[in-house]
1. Which residues, taken from segment 201-248, are closer than 22 Å to Phe31 by Cβ and charged (D, E, K, R)?
2. With respect to Glu310, determine if the residue is touching a Leu at 6+ places or on another chain (Cβ under 9 Å), of a type in the set (Asp, Glu) and over 11 Å from Ala340 (Cα atoms).
3. For segment 217-233, give me each residue that is crowded, with 18+ Cβ neighbours inside 10 Å and over 27 Å from Lys279 (Cα atoms).
4. Do you know which residues across segment 36-68 are surrounded by 20 or more Cβ atoms within 10 Å (Cβ to Cβ) and in contact with a His (Cβ under 7 Å, 6 or more places away or on another chain)?
5. Here's a check for you: in segment 134-175, which residue that is of a type in the set (Gly, Ala, Ser) and over 25 Å from Cys48 (Cα atoms) is modelled with the highest pLDDT?
6. Please specify each residue of segment 72-97 satisfying the condition of being assigned to a helix (DSSP H, G or I), touching a helix residue (DSSP H, G or I) at 6+ places or on another chain (Cβ under 7 Å) and crowded, with 16+ Cβ neighbours inside 10 Å.
7. Looking at segment 100-108, is at least one residue surrounded by 12 or more Cβ atoms within 10 Å (Cβ to Cβ), in contact with a Gly (Cβ under 9 Å, 6 or more places away or on another chain) and at negative phi?
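The values are calculated or read from the model by the stated rules, or taken from the named source; none is laboratory data. Computed from a predicted model, the values in this text were never measured in an experiment. Note: ideal-geometry Cβ built from the backbone for every residue, glycine included; neighbour counts use all protein chains shown.
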Amino acid sequence: MATVKLENITKRFGDLIALDDITLDIRDEEFFVLLGQTGAGKTTTLRCIAGLDKPEDGTIYLDGVSVNEKTPAERDVAFVFQSHILYPHLSVYENMAFPLHPRRLSAEEIDRRVRDIAQMLHIEHLLMRTPNQLSGGETQRVGLGRAMVRRPQVFLMDEPISNLDAKLRTEMRAEIRWRQRELGTTTFYVTHDQIEAMSMADRIAVLEAGRIQQLGTPSDIYNHPVNLFVAGFIGNPSMNCIPCDVSSTNGQLQLTLADATGNDNTVTIEDARIVKALKARAADDETVFGTHAEDVIVSHQSIQNGFRAEVYSVEPLGAETIVELTLGTDAAGDRTILKAVTAPNFEAEIGQYLYVSFVSERMHFFNKNTGDAIL
């Protein structure tokens, strides 16, 4: 199929820098996800690759060839938009078949491709309808199908399943990923949904305000966030990030979570790798402690190397329960909340006190001033 390379891409809209010196290298047959919040520059990145927007600086390569001066039609990419516009006078079947006619395929091959993709997208029953007879989610699936029948060098997908209901989104994530593996088409997929990114991507680039914050596999980004932005963005629920004090007592490093109300939220840092990294940091650096909710240990019984905290809220979600604990208030008077994921049968009540500790080898620490990970 094809590789995609963005080399020092900068795109401006007036005084706004939408993309700030972006460099990415997407491999042949890779499912690559660009993840970011609304306004981060995700769609602008796709539009530059497709040729719909032209960057002020940098070069875009498709399969090693610069395409900066090529028209969108010459780039052999399929762009799946977040909001699809269908030809209102054509049926769903005709809309999906439309991009295949210039390729001089046989009627049998066109029919086979359309029906195959329609079956995958669960829209076989819609083929004879017209666009004004479709719901928003059905329109989105038809637009996705119209792009997928083409088999281009590169798929560019702009949040293509965001308008679907939760059950269908889950099904479509698996179907799109399976079809991409089957066809081997290089796919550049953008989303604000970190669950989509984590479940579908070979690699993820996290984008914030036009800059790449981290690039890696889903596992790398989840387990080793490089800064506070990534730590707070990835995960459901996102990582707990709490200001803390790190001090030495009797030769051991102690972690005390920020609290201005006198609560004793202190544990000993036991992992040697973490101890070494914290000792190497500058003495006056302010520190933020991070831990994923599933790495928070809660119990009704006393825990070694733990402390007590009050239950603030309980969210039963079926497969798991999220327990929020209040650690008191910080110096500004804001409540400090710690989220823990527990078993679905874990019983807790608001106002109750539980014992809390952490999985020692999965603690994270960040420089509060720069936001960068300490380890």
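1. Asp202, Arg203, Glu208, Asp220
2. Working: touching a Leu at 6+ places or on another chain (Cβ under 9 Å): yes; of a type in the set (Asp, Glu): yes; over 11 Å from Ala340 (Cα atoms): yes.
It is true that Glu310 is touching a Leu at 6+ places or on another chain (Cβ under 9 Å), of a type in the set (Asp, Glu) and over 11 Å from Ala340 (Cα atoms).
3. Within segment 217-233, Pro218, Phe233 meet the criteria.
4. Residue satisfying the conditions is Gly36 alone.
5. Ala174
6. Val92, Tyr93, Asn95, Met96, Ala97, listed by residue number.
7. Looking through segment 100-108, none of the residues is surrounded by 12 or more Cβ atoms within 10 Å (Cβ to Cβ), in contact with a Gly (Cβ under 9 Å, 6 or more places away or on another chain) and at negative phi.
Here is a yes/no grid of residues against (1) in contact with a strand residue (DSSP E or B) (Cβ under 7 Å, 6 or more places away or on another chain); (2) at pLDDT 95 or above; (3) β-branched (Val, Ile, Thr):
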{"residue": "His292", "(1), (2), (3)": "no, yes, no"}
{"residue": "Val296", "(1), (2), (3)": "yes, yes, yes"}
{"residue": "Val314", "(1), (2), (3)": "yes, yes, yes"}
{"residue": "Gly328", "(1), (2), (3)": "yes, no, no"}
{"residue": "Asp334", "(1), (2), (3)": "no, no, no"}
{"residue": "Thr342", "(1), (2), (3)": "yes, yes, yes"}
{"residue": "Glu361", "(1), (2), (3)": "no, no, no"}
